[in-house]
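The values are calculated or read from the model by the stated rules, or taken from the named source; none is laboratory data. These numbers come from a predicted model, not from an experiment. Quick reminder, even Gly has a Cβ in these numbers, built from the backbone with ideal geometry, and neighbours come from all protein chains shown. We work out accessible area using only protein heavy atoms, side chains counted, and drop any ligands, DNA or RNA first. Shrake-Rupley method; radii C 1.70, N 1.55, O 1.52, S 1.80 Å.
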Amino acid sequence: MAFVLDPAIRKIPKAELHVHIEGTVTPDMARRLAQKNNVSLDPSIFSADGSRYQWKDFFHLVTSVYDSMAQSIRTKQDYEDITYDYLTRCAAEGSIYEEMIAWGSQGDAVGLSYPDLIEGMAAGIDRAQRDTGIIGRINTALVRHQPFAKVTQEAQTIAAFPHPYIVGLDIAGGEQPGDIPKYQPLFDMIYAGFGRKPGMRLHAGEAAGPQNVRDALSLNPRPTRIGHGVRSIEDPLLVADLAANGTVLEVCPTSNVLANIYGSYADHPLRKLMGAGVKICLNSDDPGLFGDSIGEVYQVARDHFGFSDAELLTATKTAVAASFAEDAVKKTLLDKIRQYESGFFKPARTQGPGLRPAP
Ligand SMILES: [Zn+2]
């Protein structure tokens, strides 16, 4: 049954820190772009009726299916359009802020330069903000399931283009235990190229266990956020460390269940982590691939994890505080949250391409 966003959830302001830009592309959008760009997509990535993506297991999803789908996105204009499409859909669901992950090497795979990819996203961010008020920023990721020489090349490309909307750095892709410390020199190179230190967050503790989170936290400076990090629950001392340091876990409950990291919401440790004092925010990860949305994630948190409205708003406040956006942006976001608390916040009604009319 198609998801319907409850109006009571829609009116709560949301902020998301963990979403991959190519992963926002719906099957329809991928086919539309593929047709425009004269690209034939591997038909096995779609379900028989074409309405959703399909995958064999987690690694197959984050490597093969993701990469095949992303072949449809080829130009600077495409990146502007998918960014605008995603942000306006989020704004209509009550999101006020989206920090999106760009993969440094994705452009290489389709013959698009990295500056064009980032500038395309930046144009989509500006257009969506003009039309709906939503604010977007970018985290750039090194992709770890590649040869180290290729990742090094990717880091050089990132270091040479410090766009002001790039507010954070990340490691993403197929998680391998023990692989994080070797990336420290690459991050140091990026810091030098930027002449500033963007925020640091890493994917860890999703497919691999708590040691990967410990490895992530050993980087200098220590990351203030962990992408997923849910498998930290397997190590009580690590959980205590996260709580004591206020490290925020970007939890993606729908993604974790759909990618079969956990068999069901009942098995998911979100509540246990919160109970141990760990700060969390709520995220969709790859909403186009998974067929969900940030609104659906908030609704799942209420319906399957028993979040009250106050707890949903706390997740938003945690995301705003932990975001890597500049102070002026954070102030604007906090003003919107205060508007909600005084009964004056209204989600955007402007529709983007392909968007159903807002209720
Ligand atoms: Zn992710």
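Calculate the FRET efficiency for Ala266 and His145 from the Cβ-Cβ distance with a Förster distance of 35 Å, rounded to the nearest 0.05. Rounded to the nearest 0.05, the efficiency is 0.70.
Given a Förster distance of 25 angstrom, what is the FRET efficiency for Ser40 paired with Thr63, based on the Cβ-Cβ distance and rounded to 0.05? For R0 = 25 Å, the calculated efficiency reads 0.80. What FRET efficiency do you get for Gln129 and Arg52 if R0 is 25 Å and r is their Cβ-Cβ distance, rounded to the nearest 0.05? Given R0 = 25 Å and the Cβ-Cβ separation, E is 0.25.
Give the carbon-plus-sulfur fraction of the accessible surface of the range 67-118 in %, rounded to a whole number; probe 1.4 Å, heavy atoms of protein chains only.
That share works out to 43 percent.
Panel values: the range 11-341, Kirkwood radius from alpha carbon pairs, Stokes-Einstein at 4 °C and 1.567 mPa s, translational diffusion coefficient 66 µm²/s. A run of the chain free of exposed loop cleavage sites, with chymotrypsin sites (Phe, Trp or Tyr not before Pro) counted only in DSSP states other than H, G, I, E and B and at most 13 other beta carbons within 10 Å, reaches its longest extent at 4-343.
In whole Å, how far is the Cα centre of the range 326-351 from that of the range 83-148? With the range 326-351 and the range 83-148 each reduced to a Cα centre, they are spaced 21 Å. Neighbours of Thr318 by Cβ distance under 11 Å: Lys/Arg scored +1, Asp/Glu scored -1, total +1. Pick out, in residue order, every one of the trypsin sites (Lys or Arg not before Pro) in the range 1-57 that is DSSP loop and has at most 11 other C-beta atoms within 10 Å; say none if there are none. Sparse-neighbourhood loop trypsin sites (Lys or Arg not before Pro): Lys56.
Which percentage, to the nearest 5, of the DSSP beta bridges contained in the chain is antiparallel? Counting only bridges with both partners in the chain, antiparallel ones make up about 5 percent. With both labels modelled 7 Å from their Cα along Cα-to-Cβ, the Phe3 to Thr314 distance reads 2.3 nm.
Please give me the summed charge of the neighbours of Lys182: other residues whose Cβ is under 11 Å from its Cβ, Lys and Arg +1, Asp and Glu -1. Local charge sum for Lys182: -1.
In loop segments of the range 295-346 as defined by DSSP, the GluC sites (Glu not before Pro) with at most 13 further C-beta atoms inside 10 Å of their C-beta are Glu326.
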